[in-house]
1. Among the residues of segment A:107-148, which ones are part of a loop (DSSP other than H, G, I, E, B) and over 26 Å from B:Asp121 (Cβ atoms)?
2. For A:Val101, only one of the following conditions fails: (1) outside any loop (DSSP other than H, G, I, E, B); (2) hydrophobic (A, V, I, L, M, F, W, C); (3) more than 11 Å from chain B (Cβ to nearest Cβ). What is its number?
3. Filter segment B:9-18 down to the residues that are within 10 Å of chain A (Cβ to nearest Cβ) and assigned to a strand (DSSP E or B), then identify the one that is surrounded by the most Cβ atoms within 10 Å (Cβ to Cβ).
4. Just checking, which of A:Phe87, A:Phe78 is modelled with pLDDT under 90 and of a type in the set (Phe, Trp, Tyr)?
5. Strands (runs of 3 or more DSSP E) wholly in segment B:152-250 with at least 1 residues that are farther than 26 Å from B:Lys141 by Cβ and touching a helix residue (DSSP H, G or I) at 6+ places or on another chain (Cβ under 6 Å) - which ones?
6. Which of (1) on the phi > 0 side of the Ramachandran plot; (2) surrounded by fewer than 14 Cβ atoms within 10 Å (Cβ to Cβ) does A:Pro139 not meet, given it meets every other one?
7. Farther than 30 Å from B:Lys74 by Cβ, within 14 Å of chain A (Cβ to nearest Cβ) and either over 21 Å from the mean Cα position of the chain (by Cα) or surrounded by fewer than 19 Cβ atoms within 10 Å (Cβ to Cβ) (or both), is that true of B:Lys159?
Amino acid sequence: MPAVTSAAEFVSYIDAFLAAEKYLVGLGVRQDWRPGRDDGCWRVKYPIEVDGEQRGESLIVDAYPDRTPVEFYILIEFGQVICRVDFEPNGGHTNDIWGPVPDLAPLVSGPHYHAWELNKHYFKSTTRAIELHNAIALPDNLRRFAAVFRWFAAQNNIRLNGPLELDLPPRTRIV
Amino acid sequence: MNAIDLVKSALYEVSFVQEAEDGVLVTIPCMYPSGGLVSVMVRGGPTAFFVSDEGKALRELLSACPEEEVSDSKLKNGFAVSGLNVFKGRITSPEVSLMQLPAAISLVANASRDTANWLFDHCKIHRRKDFKRIVREFLEKTFAEQPLKAAAIAGGSNKSHKFDNVVLLSNGKRLVVDAVVHDANSINAAVATNIDVRERHDPNIIQRIVYDDEEEWSGPDLALLGLGGTLVAFSRSQDVFSRFTGSRAQ
């Protein structure tokens, strides 16, 4: 990532990054899930390549296979997350209805997507993490991991060449 | 519907109770920093219960800063309520009676939200950036009229060391700028390399080590790095290196 000296520069960089055609390094290779940062979490991480270069951006999937219903998160990060799917069937989200993005649904129930375009206006600092205040509901037909993953990739111009060699990790605990 | 019914109906959208696999999920009309609704899991019954945030406060942080490592003891800093426990990232109540359950739900939910807020406020972004490229781009702009190139320089040991940034100054001297990131390998390599080059005792070589002062450097780390030579914090580079440009020849 090039040097950025202001939030505006960072926003411009991410706008360009998301608009560019991207690939996930190692996507066609079977991935090993590894323990995530919190209990019950399993994580897989793909470096993101643009124009043949990997500059440190990654796509991360955090999955909680022992939860019922299963929950998972798909995100793009540069050390902080810039967009994210929260697949929480029993969850909910309140949007910033008086904020800079008009016409947002006040509440979103179930799985939802925090898009960069809905949240970049909050980016005011290069040293503090940005809160992704706004989200939209995932389309109703997206209820399986592979479909959600493909949808997220399409939303962010990530080309998935070939079959997705990735499925959620198996449960680790007997119900 | 009267006003009360309308408000109740609205409230049910942000406050509800659902049966879960091994307990009851209670969602309350409160939000995490991201806007996610706060919820707790109640397990047990009919006379003794446990309430847990199921690690949601921690998940809030990880959803923004996925590489953060947070211990249970750190999580405890986020809330002031006594009596709650933290175990494997989950904020939990002790065993409570049916009479205590409403309070326990409220306390755990609030502790979870407060902790999420606290974690977020204390989250440092680990911005991974190509510091060496940043320094090179800066030097290319600063020394736009002087040749900047990578070069190999032999040290006092006669071992050849490769430097990415060597500027031929207008007075004929060479300015060698070594960009260092905050990890042991980078530090050790920079110290050894720069000490060896200094051992040439060549008056026509000027060495500077540039470090990223947006990272947290301890005193000992900087002292160690300083064994290699004169240090320049990147935030001060403009002031320092402008002294070497052609308009103000050394």
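The values are calculated or read from the model by the stated rules, or taken from the named source; none is laboratory data. Everything numeric here is computed off the predicted structure, so don't read it as measured data. Cβ coordinates were reconstructed from backbone atoms using ideal geometry, including for glycine residues, and neighbour counts include every protein chain displayed.
1. A:Gly110, A:Pro111, A:Leu138, A:Pro139, A:Asp140, A:Asn141, A:Leu142, A:Arg143, A:Arg144
2. (1)
3. Among them, the one singled out is B:Phe16.
4. A:Phe78
5. none
6. All conditions are met except number (1).
7. So B:Lys159 does not fit the description; no.
For (1) without any contact (Cβ under 8 Å) to a residue 60 or more places away in the chain; (2) touching a Ser or Thr at 6+ places or on another chain (Cβ under 6 Å); (3) assigned to a helix (DSSP H, G or I), each residue gets a yes or a no:
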position	(1), (2), (3)
B:Asp22	yes, no, no
B:Thr27	yes, yes, no
B:Val40	no, no, no
B:Leu58	no, no, yes
